[in-house]
Amino acid sequence: MAVKNPEEVIINDEFAINLGAKDLNDLKSLVSKQINDEYKNSLDRFSKNQILKELEKMKVNEIPDNLIEDEIKVLSQGMSEEDAKKSRKNFEEVAKKRIKVGLILNEFGEQNKVSVTEQELQSEVQKQIRMMPGQEKMVMDFYQKNPSAVASLRGTVYEDKIMNLIKEKAKSNKKEISKE
């Protein structure tokens, strides 16, 4: 077995082509786009979390017990009965918050006539497929065979559209934040 000395990497068009880019400029623009996309996604998550925190503070008169029970079942899925009982009080609080936020978002969506088109849903399915390179057929089959997975995606798109509408309508409160 031979031990090789490290060689200095020369960053040029050949290097870029080996990484799948057309040339060095293309590689630079791809890296730049990826960094900007990650930064935008982080900011989107941050603003969504801020909106959800504000929604949690809102008052909802009554949350139906059956919705709370259904949400507790979801939260305790896969847990032993004993662990689920121990965590019940905590799960109940989380369930109430989730349901309250869901009800408020849904009401906002209905009042603003937000809906998900078939084209938007298919676009989201394609996005999910692109996230799993090499497994495109498996992902497509999964969505074709699981209507509940498609329904879940529809819910995600619906929530995203509502969040974007809230951001558009809300009075923004801009502040400087660090990358961290």
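The values are calculated or read from the model by the stated rules, or taken from the named source; none is laboratory data. Just so you know, these numbers come straight off a predicted model, no measurement behind them. Counting neighbours? That spans all protein chains shown, and the Cβs are built from the backbone with ideal geometry, glycine included. Calculation scope for accessible area: heavy atoms of the full protein, side chains included, ligands and nucleic acids excluded. Shrake-Rupley method; radii C 1.70, N 1.55, O 1.52, S 1.80 Å.
Enter the Cα centre distance for the pair the range 1-18 and the range 125-151, rounded to the nearest angstrom. Computed from Cα coordinates, the inter-centre distance equals 37 Å. Cross-link reach is defined here as a Cα-Cα straight distance under 17 Å, omitting same-chain residues fewer than 8 places apart; for residue 48 the aspartates and glutamates meeting it are 37, 38, 56, 159, 160, 168, 176, 180. Charged neighbours of residue 81, selected by a Cβ distance under 14 Å, balance to +2 (K, R count +1; D, E count -1). Summary value for the range 40-152: 21 percent relative contact order, contacts being C-alpha pairs under 8 angstrom separated by 6+ residues. Out of the trypsin sites (Lys or Arg not before Pro) in the range 58-104, which ones are loop residues according to DSSP with at most 14 other C-beta atoms within 10 Å? Passing both the DSSP loop test and the Cβ count: 59. Give the angle, between 0 and 90 degrees and rounded to the nearest 10, that separates the Cα long axis of helix 88-111 from the longest principal axis of the Cα atoms of the chain. Taking the Cα atoms of the chain, the angle to 88-111 is about 80 degrees. Extending 7 Å from the Cα toward the beta-carbon at both residue 57 and residue 8 defines two label points whose distance is 5.7 nm.
Tally Lys/Arg at +1 and Asp/Glu at -1 over every other residue whose Cβ is under 11 Å from the Cβ of residue 129; what's the total? Charge balance in the 11 Å sphere: 0. A Förster distance of 35 Å, applied to the separation of the beta-carbon atoms of residue 30 and residue 152, puts the FRET efficiency at 0.70. Using θ = phi - 60° in the Karplus curve 6.51 cos²θ - 1.76 cosθ + 1.60, the 3J(HN,Hα) couplings for the range 51-67 round to 4, 4, 4, 5, 5, 4, 6, 5, 8, 10, 4, 8, 10, x, 4, 5, 5 Hz; x is entered for Gly and Pro.
Across the range 167-175, rounded Karplus estimates of 3J(HN,Hα) from the backbone phi angles (6.51 cos²θ - 1.76 cosθ + 1.60, θ = phi - 60°) give 4, 5, 7, 6, 7, 6, 10, 6, 8 Hz, Gly and Pro being marked x. Only lysine pairs 8 or more places apart or on separate chains count here, and in the range 85-134 those with Cα atoms under 27 Å apart total 12.
Compute a Gaussian network model of the chain, connecting alpha carbons closer than 10 Å, and tell me which residue from 82, 69, 124 fluctuates the most. Evaluated over the chain, the most mobile residue of the options is 82.
The string of couplings for the range 14-23 from the Karplus curve (6.51, -1.76, 1.60, θ = phi - 60°) is 4, 4, 5, 5, 4, 8, x, 8, 6, 7 Hz, one whole number per residue in order, with x for Gly and Pro. For the range 1-128, the solvent-accessible area with a 1.4 angstrom probe is 81 square angstrom per residue. Straight-line cross-link reach from residue 145 at under 20 Å between alpha-carbon atoms covers these aspartates and glutamates, not counting any fewer than eight positions away in the same chain: 118, 120, 124, 136. On the principal axes of its alpha carbon atoms, the range 7-60 extends 63, 22, 12 Å, with the longest extent given first. Helical content of the chain, expressed as a calculated mean residue ellipticity at 222 nm, amounts to -23500 deg cm²/dmol (DSSP H runs of 4 or more residues, -39,500 (n - 2.57) each, divided by residue number, nearest 500).
Applying the criteria of a DSSP loop state and at most 16 other Cβ atoms within 10 Å to the trypsin sites (Lys or Arg not before Pro) of the range 16-50 yields 22. Compute the Cα gyration tensor for the range 41-150, then decide on rounded, prolate or oblate, letting a ≥ b ≥ c be the square roots of its eigenvalues: rounded whenever a/c is under 1.5, prolate when a/b is larger than b/c in the other cases, and oblate in all that remain. The shape class here is oblate. If R0 is 35 Å, the Cβ-Cβ spacing of residue 144 and residue 94 corresponds to a FRET efficiency of close to 0.60.
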